[in-house]
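Okay, so here's the structure we're looking at.
The values are calculated or read from the model by the stated rules, or taken from the named source; none is laboratory data. None of the values given here were measured: they were computed from a predicted structure. Don't worry about glycine lacking a Cβ; one is built from the backbone with ideal geometry, like all the others, and counts go over all protein chains shown. Accessible surface is based on the protein model in full, side chains and every heavy atom, while ligands, DNA and RNA are left aside. Shrake-Rupley method; radii C 1.70, N 1.55, O 1.52, S 1.80 Å.
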Amino acid sequence: MDIELLNLAGIVLIILIIIGVGIYSGRMVSDASDFDTGGGRAGAWMVCGAIMGSLVSGQATIGTAQLAFEYGMSAWWFTLGSGIGCLILAIGYVIPLRYSGSITLLEVIGKEYGAKAEYTGSVLCSIGIFISMIAQVLSCCALLTAIFHMDFPVAVVLSVIVMTIYVVFGGAWGAGMGGVVKLVLLYASSIFGLGIVLTNSHGIHALLEQLYTNLSGTELGSLAEIATAEEVSGRYLSLFSRGFLKDMGSGLSVLLGVLATQTYAQAIWSAKSDSKARKGAMLSALLIPPIGIAGIVIGIFMRNHCLTTAEIAALTEAGKRIPKGMMEIASTSQAFPMFVIHYMPKFIGGVVLGTLLVTVIAGGAGLSLGTATILMNDIFCKLFCSLADAKKKLYATRVTIVVLLGLAAVIALIVPGAIINDFGFLSMGIRGTVVLLPLTCALFAKGKVASWAVLASMIAGPLAVLGGNLIKLPFDALFLGLCVCVLIIGIGAFSKKAN
């Protein structure tokens, strides 16, 4: 089914609304301080919007539906872990961060453990955030290819161009104000989509009965190595369908990543008061997990009604029957956008598609802003004295964002068929092992850990995570990375005490 005029009208309406927000917010940016943290004038909803503008992105919507298409409830770990992370951020980290006198997380670490730790962490943390930027580009491409049937390379280029425009002119104000607008639209879209699924399926029970019928002992089920109703339940109705340590590690990686990511700390620093910052984080903790539930239900619904091109090819090659009445989608990443195109009223569907498009654009834009802020404040400004000038720093930050998004586009072209949330979990795991323990020690255990140990943990932790992923451990590699970090930090604390 091709996109229709009413779909396009809804998409254009949402884009025009967000462009208007971007232009308005751009008027509020006069220097680098306004660009980075909004000048410290944001209220609770602006803080919430800035956090959710990046956190509730392609991974929380399109990526969740994609993973639910294959694994059901275990797809909830991204939004569930995000919500828990925001709760811990609000309770334990908001006040210490705001009283740190810093504008980046790595600056907090550098004040306690020296310039080497700050520089090392800046580079490694930026790599972690950058990986998540790739996930946003892939999500945006899934939307554009589903909506406009454009070639993947064209979708990559267009995705990056729009993300660049979104963030370069608005900075933190654009991310925060756009996030509030997107929050309202996304919730309305999720509730409406959930309602359509429940109406068309005649309730959750009937939805699951159809899932059992489609997969239990069928040709389609055989592709996923599912033979019985019990195996369908174990695959789609468990939070740990990919294995307890795998899925628990995924949720933990997101939780740690929230606490260790510059973008979300920037939202905390943008608040006009401690109370507003804490309320903004608490609102995010409350609002994020339900969005994941909507994505999961939509993903399962599409599993009942769709076959991927690869599945059709596999069934044909094996000489097996192709189930009748099933719609073909190019890949699992198109589950959410194709649901909108085929099952929603056209104009409303266009509004939802526009909202999803803004969601992934805002996510990529917010992450690129966070990465650029780290690189600019923790590295570039200390290497180039000319960046002490506020106007030059603003210009350099914008150029850095353009370069980062360009690199993300190149990598997205290399890995077009990747699972979106796998990038998200890896990104969060790297950020968590680089930043969280050193940051926590710098805020709550000043003078109690040796600097060499902090530096060593910042290097060894992410290397363990990457190495564990490369050798395909039977559990999430985050656990290996955390164990390495805790061991090194513990030795550093012991040596400091002994001295």
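Based on what the data block shows, is F339 buried (at least 24 other Cβ atoms within 10 Å of the Cβ) and either under 27 Å from K393 (Cα atoms) or not aliphatic (A, V, I, L, M) (or both)?
In short, yes.
For the stretch 187-212, which positions are under 25 Å from I341 (Cβ atoms) and open to solvent by 70 Å² or more (accessible area, probe 1.4 Å)?
I191, F192, T199, N200, H202, I204
For the stretch 227-246, enumerate the residues that are closer than 29 Å to I341 by Cα and over 30 Å from the mean Cα position of the chain (by Cα). Answer for the stretch 227-246, where residues must be closer than 29 Å to I341 by Cα and over 30 Å from the mean Cα position of the chain (by Cα): there is none. Among all positions in the stretch 117-131, there is at least one residue which is of a type outside the set (S, T, N, Q), open to solvent by 10 Å² or more (accessible area, probe 1.4 Å) and over 17 Å from S457 (Cα atoms). For the subset of the stretch 310-333 comprising residues that are in contact (Cβ under 8 Å) with a residue 12 or more places away in the chain, in a helix (DSSP H, G or I) and not small (G, A, S), which member is surrounded by the fewest Cβ atoms within 10 Å (Cβ to Cβ)? Taking the candidates together, the pick is I312.
Residue-wise test of (1) closer than 14 Å to F347 by Cβ; (2) assigned to a strand (DSSP E or B); (3) open to solvent by 60 Å² or more (accessible area, probe 1.4 Å); (4) at pLDDT 85 or above.
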position: D2; (1), (2), (3), (4): no, no, yes, no
position: G10; (1), (2), (3), (4): yes, no, no, yes
position: L16; (1), (2), (3), (4): no, no, yes, no
position: G20; (1), (2), (3), (4): no, no, no, no
position: I23; (1), (2), (3), (4): no, no, yes, no
position: F35; (1), (2), (3), (4): no, no, no, no
position: G38; (1), (2), (3), (4): no, no, no, no
position: V47; (1), (2), (3), (4): no, no, no, yes
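Filtered by the rule that a residue be crowded, with 20+ Cβ neighbours inside 10 Å and not in a helix (DSSP H, G or I), the stretch 243-273 gives A260, T261, S270, A271.
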